[in-house]
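These notes are about the structure you will find just below.
The values are calculated or read from the model by the stated rules, or taken from the named source; none is laboratory data. Just so it is clear, the model here is predicted, and its values are computed rather than measured. Heads up, the Cβs are rebuilt from the backbone with ideal geometry, glycines too, and the neighbour counts pull from every protein chain shown.
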Amino acid sequence: MAGWDAGLGASAAIPFRTDAARVEACDLMGNRAPCALKGGTVAWALGTDPSAIRFVGATFAEPDAAALAAVPMPVRRMQAIPADAPGRAPDFVLDNYRDMNDYYKADPAQVARCWKGADDLSAKVWLACADGALRVRVAVTDDVHVSGDAVEIEVQTTAGVVRKPLSAPVREGTVTRYDCTFPLADLKIAPPEVKKGFGFSILLHEDDGQGPDGVMTLPPATVHF
Ligand SMILES: [Ca+2]
Ligand SMILES: [Ca+2]
């Protein structure tokens, strides 16, 4: 299942590659309508009434990355996390201004406190799930690291929303690394949700020495392992 908050009048089409036997669009009343499935690809049009799309019998359903990037609204991505291995590419990269909420952007006198680019604040995120625990590794690039800099993860499951801070940062040059392991029970993730998917986001709280400047947030994704 994939879904997102559609803005009023928003319009775009996102092709999904999937091995689903069939695909249905569901509206807010629970009505379902079949979607055309051509060669393993289904085109999902935003701006129509349905609020979610259901992939029946699917082992994967991946939205086209280029099409997602063109959608002018937060989209909840369905992201398969590959097997963990040393040196593998990050699962998520936060380095875009659209993900930054500057607290002082409306104050011309405080322009120096607004986000200046990836060297000011950006992050790479890796996830792994093993032995009943979620491991979260984050490498934050930040020109100035002070005690007010903080990273939190947010997990959304059928049991609710859990937010946890990452602890024990290790600073190397301008990169702050976190490597934290959380028992699934502490995050209210039921074991079947590891494969079915649960909502995941991460928040980078920025402080460069003058107090909180803003927060960079990963648009919530549904991750599965
Ligand atoms: Ca900074
Ligand atoms: Ca900082």
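For the range 153-178, the set of residues classified as surrounded by 12 or more Cβ atoms within 10 Å (Cβ to Cβ) and more than 18 Å from the chain's Cα centre (by Cα) consists of ALA159, PRO169, ARG171, THR174, VAL175, THR176, ARG177, listed by residue number.
Only one residue in ILE202, ILE189, ILE153 is out of contact with any helix residue (DSSP H, G or I) (no Cβ under 7 Å at 6 or more places or on another chain), farther than 26 Å from ALA118 by Cβ, of a type outside the set (Ser, Thr, Tyr) and more than 14 Å from ligand 1 (Cβ to nearest atom). Which one? I'd like the intermediate steps shown before the answer.
Numbers: ILE202 fails: farther than 26 Å from ALA118 by Cβ; ILE153 fails: farther than 26 Å from ALA118 by Cβ.
None of the other options fit; the residue is ILE189.
Output the residue which, of all residues in the range 147-171 that are assigned to a strand (DSSP E or B), touching a strand residue (DSSP E or B) at 6+ places or on another chain (Cβ under 9 Å) and not aliphatic (A, V, I, L, M), is farthest from MET216 (Cα to Cα). Among those that are assigned to a strand (DSSP E or B), touching a strand residue (DSSP E or B) at 6+ places or on another chain (Cβ under 9 Å) and not aliphatic (A, V, I, L, M), it is THR157.
Checking VAL125, VAL136, VAL144 one by one, the residue that is touching a residue at least 12 places away in the same chain (Cβ under 8 Å), within 16 Å of ligand 2 (Cβ to nearest atom) and either in the same structural domain as SER201 (by TED's automatic domain parsing) or of a type in the set (Phe, Trp, Tyr) (or both) is VAL144 and no other.
Within the range 95-137, being small (Gly, Ala, Ser) and closer than 18 Å to PRO212 by Cα holds for ALA106, ALA109, ALA112, GLY117, ALA118, SER122, ALA123.
How many residues are on the phi > 0 side of the Ramachandran plot and within 16 Å of ligand 1 (Cβ to nearest atom) when one looks only at the range 156-175?
Adding up the residues that qualify gives 1.
Annotation: PRO108 fulfils all but one of (1) within 15 Å of ligand 2 (Cβ to nearest atom); (2) without any contact (Cβ under 8 Å) to a residue 24 or more places away in the chain; the unmet one is (1). Selection over the range 181-213 of residues that are in contact (Cβ under 8 Å) with a residue 40 or more places away in the chain and at positive phi gives a count of 3. With respect to (1) at pLDDT below 95; (2) out of contact with any helix residue (DSSP H, G or I) (no Cβ under 9 Å at 6 or more places or on another chain), the lone exception for LYS105 is condition (2).
Taking the range 138-152 as the range and being farther than 17 Å from SER201 by Cα, surrounded by fewer than 16 Cβ atoms within 10 Å (Cβ to Cβ) and of a type outside the set (Gly, Ala, Ser) as the test, the residues that pass are ASP143, VAL144, VAL146.
Of the residues making up the range 188-209, not one is among the aromatic types (Phe, Trp, Tyr) and surrounded by fewer than 19 Cβ atoms within 10 Å (Cβ to Cβ).
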